[in-house]
Amino acid sequence: MTEDDLDRLLETFTDSALRIEARQQYVNDEDADAIAAWKPGRPARPGFSVRTSEWAAHLARTSLDGKRWQRLRIVELPVTPYTAWEVAAYQESAVLGEEIRLLVGPSSHAEDLWIFDGETDHPAVVVVHYDPEGRYVDDQVVADSRLVQTYVHAAARAWGEATPLNDFIAAIDTLPRSA
């Protein structure tokens, strides 16, 4: 699968797009400066808006069109500085229409993936692979329909158990943190 294939799915899904993030850290050169400069209580991505980011504009536009964007982040304790930054960044995406939940627990057996149109008769699942440091490697479409359904049902269960973003933020100061 190419990056263009994933972009096509991000453009053409009809109902919902769920991103499951299981890694505890991602390496993305675009965010490196923002992560290094971030301090709690400050914007995670200064200047991130529908005017400056194609992704932000796409998220807002498609949300207004009735498409559902969801993100499920698996968080291990103690909360790392990277996770705290990411939670701050999620607030910026939530304002644009993304529904975000966090699930505290081990992520060692979970996979990063996208589920498109999971509640329809035409779901699609894309597994996202990263190297050990957290750099994106590639995506793989799941072709086996039974495996697609397994992913869809497991994601629905996890979503139901996860904490909504604002509730997680309210509790984050009480969670164990690493230095």
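A few remarks follow.
- Selection of segment 131-149 for residues being surrounded by 13 or more Cβ atoms within 10 Å (Cβ to Cβ) and either modelled with pLDDT of 95 or more or among the β-branched types (Val, Ile, Thr) (or both) yields Val141, Val142, Val148, Gln149.
- When segment 101-138 is filtered for residues that are charged (D, E, K, R) and touching an Asp or Glu at 6+ places or on another chain (Cβ under 7 Å), the ones remaining, listed by number, are Asp112, Asp117, Glu119.
- The condition (being out of contact with any Asp or Glu (no Cβ under 7 Å at 6 or more places or on another chain) and in contact (Cβ under 8 Å) with a residue 40 or more places away in the chain) is satisfied by just one residue among Glu21, Glu76, Glu54: Glu76.
- The set of residues in segment 123-140 that are without any contact (Cβ under 8 Å) to a residue 60 or more places away in the chain and touching a strand residue (DSSP E or B) at 6+ places or on another chain (Cβ under 9 Å) comprises Pro123, Val125, Val127, Val128, His129, Asp131, Val137.
- Subset of segment 15-37 that is at pLDDT 85 or above and of a type in the set (Val, Ile, Thr) - its residue that is farthest from the chain's Cα centre (by Cα): Val27
- Looking at Pro40, Pro78, just one residue is more than 25 Å from Glu111 (Cβ to Cβ) and over 17 Å from the mean Cα position of the chain (by Cα), and that residue is Pro40.
- Residues satisfying the stated conditions in segment 136-172, i.e. assigned to a loop (DSSP other than H, G, I, E, B) and under 15 Å from Arg73 (Cβ atoms): Ala162
- Qualifying residue in segment 152-170 (condition: surrounded by 12 or more Cβ atoms within 10 Å (Cβ to Cβ), aliphatic (A, V, I, L, M) and modelled with pLDDT under 95): yes
The values are calculated or read from the model by the stated rules, or taken from the named source; none is laboratory data. Please read all numbers here as calculations on a predicted model, not as lab measurements. Reconstructed Cβ throughout: ideal geometry from the backbone, glycine too, with neighbour counts over all protein chains shown.
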